[in-house]
Amino acid sequence: MRKMPERTCVITKEKTLKKDLFRVVRNKEGEVSVDITGKANGRGAYLKKDKEVINKARQTKVLDRILEVEIPESIYDEMLKIIEER
């Protein structure tokens, strides 16, 4: 049986399957995006696919610190929209 890749959410510090997390990635140009594939190049941070977690990340600006760049509001909106569509 293959081992499923796990990552740690930067808010809950919980180890979770990669598919249950969002990966927010900053590339060399400093552009930030939600990495749906999980394979984009750049520095990534993981957030649990949970509205409370996304909102807490927005309030605490934890992604700004980890990725060392200002995270646009649209990134949080995009993640919340994906959660609602599930």
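Coordinate-derived values only; no laboratory data. Bear in mind the structure is a predicted one, so any value in this text is a computation, not a measurement. Note: ideal-geometry Cβ built from the backbone for every residue, glycine included; neighbour counts use all protein chains shown.
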Among the listed residues 46, 76, identify the single one that is of a type in the set (Phe, Trp, Tyr) and closer than 14 Å to residue 10 by Cα. 46
Per-region count, the range 1-55, residues of a type in the set (Ser, Thr, Tyr), outside any strand (DSSP E or B) and under 18 Å from residue 78 (Cα atoms): 1
Residues of the range 23-59 satisfying the condition of being closer than 20 Å to residue 85 by Cα and in contact with a Lys or Arg (Cβ under 6 Å, 6 or more places away or on another chain): 35, 38, 46
Tell me, please, whether a residue that is within 11 Å of the chain's Cα centre (by Cα) and closer than 17 Å to residue 19 by Cα can be found in the range 61-69. no
Can residue 51 be described as surrounded by fewer than 18 Cβ atoms within 10 Å (Cβ to Cβ), within 20 Å of residue 14 (Cα to Cα) and of a type outside the set (A, V, I, L, M, F, W, C)? yes
Among the numbered criteria (1) over 10 Å from the mean Cα position of the chain (by Cα); (2) part of a loop (DSSP other than H, G, I, E, B), which single criterion is violated by residue 77? (2)
Taking the range 56-70 and keeping residues in contact (Cβ under 8 Å) with a residue 24 or more places away in the chain and in a loop (DSSP other than H, G, I, E, B) leaves 68, 69
Residue 66 vs. criteria touching a strand residue (DSSP E or B) at 6+ places or on another chain (Cβ under 9 Å) and surrounded by 15 or more Cβ atoms within 10 Å (Cβ to Cβ): yes
